[in-house]
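Chemist: Here it is, the structure, as structure tokens.
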Amino acid sequence: MIEIVAHPRHFPHNGLTQGEVALILIDMQRDFLEPAGYLAAMGYDLAGVRSAVEPARRLLAAARGAGLCILHTRQGYRPDLAEVPAHKLARIQAGQSAIGTPGPLGRFLIRGEPGFQIIPELAPAPGEFVIDKTANSAFWGTDLAAILAAQGIRAVILAGVTTDVCVHCTLREANDRGFECLVARDACGSGDPEAHRAALHMVTVEDGVFGALADVDAIITALDKMDRALATASPKPSHAAPTPYTDSNDLGDWSI
């Protein structure tokens, strides 16, 4: 049985199976990762999020090579902010949030703007799913759960930004929905170092109540073993989206 060496237990509990494990890359967008984006405009140090880019790139390449189901999420809102609740609008109007305000990459966190797009290093490939969301959890108001069910996924590997907000909210809901979860700790990042450390620690409390943690190197090692085992057994199943993703400035699914 091939497992990923993880803490506090190895992942998944009954071994890696290509057709049952997905990689979810969360919000690796220009607005969160570039100096001209939203996170920098809010005053956060980008070193904590930029450090996740290269490990995430390596993880994505390994997942592609192993034939895993791959999903990318993007956080963003309608241009008219119609789905933003009143208390969040009040923060925007008070200047406490930069959402929707003009910036070098267009209006911050608005669908269709340049800052909304995923960074080139991690751009989705044809056949990979892109989930557009307005909530911190990638499950809320999206078709993520339906896609995972249709693909036969039972376990997920999560990476992205920020560790303490969208990664953690998605992790918790995935756990509640019955998915076995693994967080790629060095492929996650936050603008707040203390929040990042706390979020990773919280994954492992109560003997891994939310899941497990692993380094990208350990994940790649296990995926390589699985890939080599499959190569001697049978052809890889294909996880392909009904319509291949193309990078465009469409406004996505606004359902909430």
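Chemist: Take the Cα radius of gyration of the chain and divide it by 2.2 N^0.38 Å, with N its residue count; two decimals is plenty.
Modeler: 0.98
Chemist: Shifting gears a bit: Considering the alpha-carbon set of the stretch 71-214 alone, what are its Rg and its Dmax in angstrom?
Modeler: 15.9, 45
Chemist: What does the extension gain come out to for Ala94 and Arg177, with contour length at 0.36 nm per residue minus their alpha carbon separation?
Modeler: Contour length minus Cα-Cα distance gives 26.2 nm.
Chemist: By per-residue mean of other Cβ atoms within 10 Å, what is the highest-first order of 84-91, 225-232, 133-140, 96-103?
Modeler: 133-140, 96-103, 225-232, 84-91
Chemist: Can you give the alpha-carbon Rg of the stretch 133-180 over 2.2 N^0.38 Å, where N counts its residues?
Modeler: Normalised by 2.2 N^0.38 Å, the Cα Rg of the stretch 133-180 equals 1.07.
Chemist: Could I ask something else about it? Do the sum for the chain: with -39,500 (n - 2.57) for every DSSP H run of n ≥ 4, divided by all residues, what is the mean residue ellipticity at 222 nm, to the nearest 500 deg cm²/dmol?
Modeler: After summing the helix terms and dividing by the residues of the chain, the value is -9000 deg cm²/dmol.
Chemist: Can you pull out the GluC sites (Glu not before Pro) in the stretch 161-217 that DSSP calls coil and that have at most 15 other Cβ atoms within 10 Å?
Modeler: none
Chemist: From the phi of every residue in the stretch 56-65, what ³J(HN,Hα) in whole Hz does the Karplus formula 6.51 cos²θ - 1.76 cosθ + 1.60 yield, where θ is phi - 60° and glycine or proline is x?
Modeler: 5, 4, 5, 5, 4, 4, 5, 5, 5, x
Chemist: Tally the DSSP beta bridges in the stretch 1-151 and give the antiparallel ones as a percent, rounded to 5.
Modeler: Antiparallel bridges make up about 15 percent of those DSSP assigns within the stretch 1-151.
Chemist: So, one more: Can you tell me the order of 153-166, 60-73 when each peptide is scored by its average per-residue count of other Cβ atoms within 10 angstrom, highest first?
Modeler: Final packing ranking: 153-166, 60-73.
Chemist: Still on this structure: Could you give the nm distance between label points at Tyr44 and His7, where each point is 7 Å from its Cα heading toward the beta carbon?
Modeler: The answer from the label model is 2.3 nm.
Where a number appears in this text, it was derived from the coordinates with a stated rule and is not lab data. Remember, predicted model here, so these are calculated numbers, not experimental data. Backbone-built Cβ (ideal geometry, glycine too); neighbour counts: all protein chains shown.
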